[in-house]
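Everything below concerns the one structure shown next.
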């Protein structure tokens, strides 16, 4: 096995990087009568429309808590993640999921533990199945603050980190020496950035696996 593959320690954000909530938000908003049944749009379109309602900001935060908890079953694996994880497994690269995620949603009265909901979704998707993606549950980390997330990336000695949020990769506390990769799925990047930008997971795979470390 190529030793460069074994040296790769790849950290990946969870929400909107591995998992897509587009359909989940659309379904939850319609089921809560916040949007008409005929409404079609992205998560951002759903958010923008709900914010126009009376108490719209509160409704949006409440909806987020519901979707990330009991509504997570309607979320989907982002295209290309499966192939990426399978390749990591096959060549022996280490993978860690590091997510800034509170235990409970703001304004969500259901009492669903968001971290347990995320782990349950991952288990259903085969993340911890040795015959599929082969991750260890112990390789998943949920952190309460962004600072704790960045500290975890450093402690894990990640060589790469993939995230959908520029503010995470731009944070002054981001560990030095980690290759930063922005997953800009459908989000236009309007300024030069000091790290790699990929619009899909095939681009991410090419960037990570073609690089000699």
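The values are calculated or read from the model by the stated rules, or taken from the named source; none is laboratory data. From a predicted model like this one, the values you see are computed outputs, not experimental measurements. Every residue, glycine as well, gets a Cβ built from its backbone with ideal geometry; the counts of neighbours run over all protein chains shown.
Annotations for the structure displayed:
- Residue count for the range 29-60, restricted to those that are loosely packed, with under 15 Cβ neighbours inside 10 Å and closer than 21 Å to residue 117 by Cβ: 2
- Flag for residue 147 being within 19 Å of residue 96 (Cα to Cα), without any contact (Cβ under 8 Å) to a residue 24 or more places away in the chain and more than 16 Å from the chain's Cα centre (by Cα): no
- When restricted to residues that are out of contact with any helix residue (DSSP H, G or I) (no Cβ under 8 Å at 6 or more places or on another chain) and surrounded by fewer than 15 Cβ atoms within 10 Å (Cβ to Cβ), the range 168-188 contains 6.
- Any chance residue 101 is at pLDDT below 95 and either within 17 Å of residue 19 (Cα to Cα) or touching a strand residue (DSSP E or B) at 6+ places or on another chain (Cβ under 7 Å) (or both): yes
- Residues satisfying the stated conditions in the range 150-167, i.e. within 16 Å of the chain's Cα centre (by Cα) and surrounded by 17 or more Cβ atoms within 10 Å (Cβ to Cβ): 150, 152, 153, 160, 161, 162, 163, 164, 165, 166
- Taking the criterion of being under 20 Å from residue 44 (Cα atoms), in contact (Cβ under 8 Å) with a residue 60 or more places away in the chain and assigned to a loop (DSSP other than H, G, I, E, B), the residues of the range 154-199 that qualify are 164, 165, 185, 186.
- Members of the range 102-142 found to be in contact with a helix residue (DSSP H, G or I) (Cβ under 6 Å, 6 or more places away or on another chain) and in a loop (DSSP other than H, G, I, E, B), listed by number: 103, 105, 106, 107, 108, 128, 133, 134
- From the list 78, 18, 91, the one residue that fits, being touching a residue at least 24 places away in the same chain (Cβ under 8 Å) and under 22 Å from residue 148 (Cβ atoms), is 18.
- Flag for residue 67 being assigned by TED's automatic domain parsing to the domain that holds residue 45 and either more than 25 Å from residue 43 (Cβ to Cβ) or in contact with a helix residue (DSSP H, G or I) (Cβ under 9 Å, 6 or more places away or on another chain) (or both): yes
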